[in-house]
Every structure is written in C-alpha cells, then in structure tokens.
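For reference, the structure is listed below as structure tokens.
The values are calculated or read from the model by the stated rules, or taken from the named source; none is laboratory data. Keep in mind it's a predicted model, so treat the numbers as computed, not measured. Cβ coordinates were reconstructed from backbone atoms using ideal geometry, including for glycine residues, and neighbour counts include every protein chain displayed.
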Amino acid sequence: MDNIIEKMRASRRVLAEYSYKPALIEKGYSGQTLHINLSDNTIKPKTVTQQMKDIFIGGKGFGLWYLWNAVKADTKWNDPENEIVISSGPIGGITQYPGSGKSLVVTISPLTNSVMDSNVGGYFGPYLKFSGWDALEIQGKADKDVVVFIDGDKGKVTIEEITIDTAASHLVSKQLTELLAESEKDKKNISIVSSGCGGDHTRIGILNFSFYDLRRKAARLKQAGRGGIGTVFRDKKVAALAVKYSSLSGRSNNPADPEAITRAGVKITREINKFDDEQFRMRQIGTANLMTPMNDYDLLPVHNFKYGSHPDAVKISSEVMRSRFTQNMPDACWVGCALSCCKAVDDFELKTGPFKGEKVLVDGPEYENAAGLGSNCGIFDVDYILEANFYCDTYGIDTISTGTLIAFIMECYENGIINKENTGGLELNFGNADAAMELIHQMGQGRGFGKIAGLGVRRIKKIFAEDYGADPAFLQDIGMENKGLEYSQYQAKESLAQQGGFALANKGPQHDEAWLIFMDMINNQLPTFEKKAEALYYFPMFRTWFGLQGLCKLPWNDIIPEGNSQTDSPEKIPEHVQNYVDIFNAVTGKNIDKAEMIRQSERVYNFQRVFNLRLGFGIREHDAAPYRALGPVTEEEYESRAERYDRQLKEDVGIDPAGMSTAEKVKAMRKYREGRYKTLIDVVYERRGWTSNGVPKLESLQKLGIDFPEVIEVVKKNL
C-alpha cells in the first residue's frame, strides 16, 4: 500500500486551484455553494439567496433549482451542461439527533432521461457544508480522469490529475483516504465519492460515499444508488470527489437553539435504547430485519415479482442475516446516530471475480440487496448475496436495478425468449447463482451479455422485442420498470396504495417516496380511494422533507415511541414528526408547524413534476405501471394464489369464478385491477391539485408560491 500511495502522491498534478475563507455556518447554512466546470476547469462560488432558502430549503431542493438553471429542455444525461449536484440541508450534519448525515444527489438520469434524485449516507454532505459550501455543482466534462479535492481545513479547492491504479470503488476510497490523511486519526475527517468501472459500462452506475470506521480501520461505503448517477459521474470523467474537514463539533451548524436540539436528541436516543431490541432491531440487523416479515406477509419479491413468498426464504431470513453481521460495533454512517443500522460482514472471503480469495468487508446487505439479488432471482444463498452485494458496490452498479433486471432476464430465459446462444452460454434460470454472479461481473467489466443487461429493463425489453421477436406486450407486463427506473423490492400486487406509491413517484418506483404496504394491506388503514389518495398526498410530501434537510427517514418510523397507538394518526408517528419540526426551528430560528413542513415539501415536489414536464415527461402516461405490479400476468401466477383471487372475483368484482377457465379469470381480474388503478390515479391527481393528465394546476402553483414565469410557461404548454 505504501508504494501505491507514493506513486499517487508523485503523480498529483493540479489543473486548477481556488482558495477561499470558509464561511461561518449560520443557522444551518453557509450561504454559498461551489460550482465546478470540468470542461474549462473553472471553480467559482455562488450565493445562496433568500428565495432558495424559503422555497427550496436545501438538499434535494437546492439540487433541483441548480439543475433547472443549468440545463435546457433538450439536455440529455451525457451533455456537458448536465450537472451532478450534491447537497445536505440545513439540519444535515447535526450530531445530536440520529440520521442527520444524509447527502442528496440530483442529475438527469441515463435510465429515465428525466430528473433523478438519490439520498445517501456517509460523511461527504456534512463535511462539504462545514467546509463552507451548501451544495456542490459538477458540470462539464474533463479530458482525462480527475479528482476534485475540497480541503475545508485549508480553504482550498483543487481539480487534480492523480494516477489511481484501480477502478474498484472500495480501493479508490481506501487509497485516496490514505493519500489525504496525515495520520490514522485524521482518516475520519475525510470522505470520498467514487463510482467504479460499472459506471463506465452500464446505465445503472452508482456513487459510493465513504465514511471512515475507526474501529475497523476501513473506509466504508454508502450508496447513492438509483437512476445511474454514477454513469453520469464517469461520463464526466470524475475519478473521485474528496472532502476534508477536521473541526466537527455539536455546534458546527451554529444553530439558533442548540439546547432544543439536544433535548430532542436525548429523547429519541432513550427510545432507541429502550425499544429497538424489541421492535425492529435496527442495531442488530439493519434494514435486513424485513426479510422474514416480508416473506411472512407475502410481500417478498420472488421470481421477478411473480410471488410474494417462498419456502426457501428461511435460508436468507432476518436471523440468518443477523448471524452473519458483526455485532456490537458502532455501525453509524454519521456521527451520533444511535440507531446504528449500517451493518457489515467482516472478513468475507470472495469466491469469484478479480478479488477471488481475498477477505473483504461487505457493507450490507440491506433488505433491498438481499431481496433483489436473492429471492427475486430465486437464489436463496446468503453467501451469494454477500458476494453479489460486494461486487455491485465496488463495480459501482445499483443493487436494486441489478436484482430486478436479472430477475426479468431470468423470466425471459425460462419463457424461451432468449437462450444460451443469446446470453453467451449463461444458463439464466431462476436460482442459478453462478450464472447471475457471472452476469454481474460482465456488467461491471463491460463484456459479453452484460453489455445488454447493464442497459436496464426498459432498453432490454426493446432489444428482446426487436432482435429476438419477443411479444412487446408480454415484456411490458413483466418488465418491472416505470419511467425507465427498475422497481425496488416490494411485492405490491395486493396493495393498491403501494402500486400508486411506486408508479406515481416523480423519479420512478423507489420506496423512499411512499411505502404504504403495511398501512394498506396489513393494517387496512386505507379502505377507500379517498384515504389512499390522502396517504399518497401526505407521505410523499413528508418523506420529501427528509431530502430537503439532509435526514434519514429510519429514526422517524423504525422506532416507535410509547403511546403512539393511542394518537389520532399512529401511522404518521406524530411525536416524531413534532421532533423534526422542533429541530428545524431550533437550527434555522424559524417557527414552522407541521402544516408548513408539508407545504415546504409540496413546493419542491410540484417543482420536480414541472421539471419533468420541461424535459418531456411527467404526464399520466408516464405514471402507468407494468401489470405485474398490479396483478397476476400468467395463469401460473393466478393459480399460485387461486383461493385469494377467486374470492376477490366473487366478493370485490361480483363475478362467480365457478366454471371459468384460469385464462378467463386472469382476464377478468386484469380488467378489474387496471380499472381500479385508473380510478386511484384520478383521485390522487385531484388531491395533489393536478389536472386529470397529471399536470400541476396553475392555481396550485400560485398557492404554493412557485409560479415563476418559466414554470408557468412549461405548465401552459402541457395543459
């Protein structure tokens, strides 16, 4: 390692340099942002206006505003003017309240060709802000791979050429941390953003944000995973971003009322210490605690979302995951997070690929990784899941998209749409872990059938139809993507609200906007269209708020306070909602209430909808769902739940299934479920203040105060 670092140090060549005096953070804001154009190596500051703080707040809001002003209606993801914008938020970086270290990343997506946002843990966003910058804009394209280094200690930003002898993201983070740190203790003050060779070869590239684990002496990784942001990163020839900041304290945000933040933090930390072990066990298992309940409730994706459970799921259950995670370690991806859900497997020996035989640290798996790479592909092997998780991360490809697209390909293979000749010899049946692992290597390395797989489900469907003569209608039914983004790993067939939560999401079917399965299917709290519509108004807005502030949602609803079931709205966790209102006011000095919290999000949410319209997307047709997300596509699928579906036909549809063939039942069920989904869209659009075609109404924009001339111009073109 010493020789590698010396070579890196000797190769450093500064292409551009900007010196500055880091601004004093005032009530959560530095008051300026950093713009870097890699085409001409310019580095310049921008002033954060009062309008930005009032309307767009921070985080995702700042990202959308800067991107809106950087691109045109016809800008594509790989045009130089496309930007990657990274921002935390006014609350981001506080150390007293769990889950306050998120960064939000915004760009035009190579998968959807529309606006993509992705949230991620790690230290980069908070360190960026405390180094004096509320956001970072990366625009243009470099001629050769470059590293952008923001030194918040010295007040210096550089664009540099550094010879890095690897494209593996886990090594890039490790090596750059070693290069920039002055001591072992100093490594915790450094955060690296990198992608990997998968960003060069696929449209599902991710960004890995590092945080240094002092106990493990390792640079660990969290992922901005959705929509191919890493592909944009590598198209701009960014090898890495690096930030260094060593003066972190509990008052780095210079909040208006630090004592109020401390009180809220002490309160929820006590709740975590008291209840986590008996509730969701985030400190033991992280989000993988969902593996067992999802299977028990028929919600675990199996065989490309055909089924919701499987007898072999016990092999990758929550308890199996727990047995593999290293316990009693401080697994927080930001300072002070008592929920400590960022689980890891230490000293895992790899069996395949370029690092075969090496022992590595696997960050995860999260629930999404285990369900997508595992059960959705019919693979119930925890060692395979861990290996696939590691390689997806270090190649820099999205585990959610990877799991969903491999599952889709496997179903196509089993239906004879493709064969071994098409796949280069890979036998891509459900359950074939060796073939799936090889396909991941091919995607990451840009070879073989992986070149097709890495394009994502939408483009795979087109190739299979045009080149192999597949039925486009069948591919549309089973290809689990919406707006070009692959579905995240929840079986939504029996939850109409979740069907809307996925397909109506601005960026595509990602659970961070609306996760309503338990409310709708298990607890039956949304029995009417109106209640579903209200949930599909409130929860996407509330969850958007986390992305404006630099917050993780898990401390909101993955720890439940005493007495919550006796509140008027237990599904909202009202005590925790009030915590966030109190913290926002304590940081910023403002005096918002719960209603204004939702209005803050509603402004940004509607602005993003208009942004999509500007880029040629964002109307009703783009909110259509593949039928696999709504109901049974095949007769086999229907028969797997025949008793349930027959009862629904009789009780809900008013059709007696007796004497009907399975094909007739499938057809009748489809007509009912597609009609129900259309009705849901109508009611949700009305509740959100949109037209029947999904366009925000002018009066809605005026009410929200985002009726800027350029916004109104876009909307009028779509009315």
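Let me confirm something: among 516, 536, 504, 485, which residue is of a type in the set (A, V, I, L, M, F, W, C), at pLDDT below 95 and closer than 18 Å to residue 623 by Cβ?
Result of the check over 516, 536, 504, 485: 516.
In the list 586, 624, which residue meets the criterion of being surrounded by 18 or more Cβ atoms within 10 Å (Cβ to Cβ) and aliphatic (A, V, I, L, M)? Spell out how you get there, then give the answer.
Working: 624 fails: surrounded by 18 or more Cβ atoms within 10 Å (Cβ to Cβ).
The unique qualifying residue is 586.
Return the pair list, or none, for Cβ contacts closer than 9 Å from residues in the stretch 19-39 that are over 13 Å from residue 128 (Cα atoms) and assigned by TED's automatic domain parsing to the domain that holds residue 93 to residues that are in a strand (DSSP E or B) and among the hydroxyl-bearing types (Ser, Thr, Tyr), at least 6 apart or on different chains.
Qualifying pairs under 9 Å: 36/18; 36/42.
Among the residues of the stretch 248-271, write down those that are buried (at least 21 other Cβ atoms within 10 Å of the Cβ) and either in the same structural domain as residue 328 (by TED's automatic domain parsing) or more than 18 Å from residue 557 (Cβ to Cβ) (or both).
Answer for the stretch 248-271, where residues must be buried (at least 21 other Cβ atoms within 10 Å of the Cβ) and either in the same structural domain as residue 328 (by TED's automatic domain parsing) or more than 18 Å from residue 557 (Cβ to Cβ) (or both): 253, 255, 261.
Got a sec? Which of 628, 620, 673, 687 is within 25 Å of residue 509 (Cα to Cα), assigned by TED's automatic domain parsing to the domain that holds residue 537 and touching a Leu at 6+ places or on another chain (Cβ under 6 Å)?
673
I'd like to know if the stretch 560-575 contains one or more residues that are surrounded by 19 or more Cβ atoms within 10 Å (Cβ to Cβ), over 26 Å from residue 262 (Cβ atoms), among the hydroxyl-bearing types (Ser, Thr, Tyr) and outside the structural domain of residue 97 (by TED's automatic domain parsing).
No, every residue in the stretch 560-575 fails to be surrounded by 19 or more Cβ atoms within 10 Å (Cβ to Cβ), over 26 Å from residue 262 (Cβ atoms), among the hydroxyl-bearing types (Ser, Thr, Tyr) and outside the structural domain of residue 97 (by TED's automatic domain parsing).
Please determine, by comparing only the residues of the stretch 691-709 that are in contact (Cβ under 8 Å) with a residue 40 or more places away in the chain and either crowded, with 19+ Cβ neighbours inside 10 Å or in contact with a Gly (Cβ under 6 Å, 6 or more places away or on another chain) (or both), which one is nearest to residue 626 (Cα to Cα). Reasoning before the result, please.
To start, the set of residues in the stretch 691-709 that are in contact (Cβ under 8 Å) with a residue 40 or more places away in the chain comprises 692-696, 700-701, 704-706.
With the extra rule that they be either crowded, with 19+ Cβ neighbours inside 10 Å or in contact with a Gly (Cβ under 6 Å, 6 or more places away or on another chain) (or both), the set shrinks to 694-696, 700-701, 704, 706.
Working: 694: 18, 695: 21, 696: 24, 700: 30, 701: 30, 704: 33, 706: 33 Å.
Looking at the filtered set, the residue picked out is 694.
Tell me the helices (runs of 4 or more DSSP H) entirely within the stretch 372-443 that contain at least 2 residues that are within 26 Å of residue 465 (Cβ to Cβ) and charged (D, E, K, R).
Correct list: 399-414, 420-423.
Condition (residue is without any contact (Cβ under 8 Å) to a residue 24 or more places away in the chain, surrounded by fewer than 22 Cβ atoms within 10 Å (Cβ to Cβ) and either in contact with a Lys or Arg (Cβ under 7 Å, 6 or more places away or on another chain) or not small (Gly, Ala, Ser) (or both)) applied to the stretch 332-354: is it met by at least one residue?
Yes - at least one qualifying residue is present in the stretch 332-354.
Please find, among 553, 532, the residue that is among the basic types (Lys, Arg), crowded, with 19+ Cβ neighbours inside 10 Å and not assigned by TED's automatic domain parsing to the domain that holds residue 374.
532
Please state which one of 74, 79 is out of contact with any Gly (no Cβ under 9 Å at 6 or more places or on another chain), surrounded by fewer than 24 Cβ atoms within 10 Å (Cβ to Cβ) and of a type in the set (Asp, Glu).
79
Anything in the stretch 216-236 that is out of contact with any strand residue (DSSP E or B) (no Cβ under 7 Å at 6 or more places or on another chain) and either basic (Lys, Arg) or surrounded by 24 or more Cβ atoms within 10 Å (Cβ to Cβ) (or both)? List them, or say none.
217
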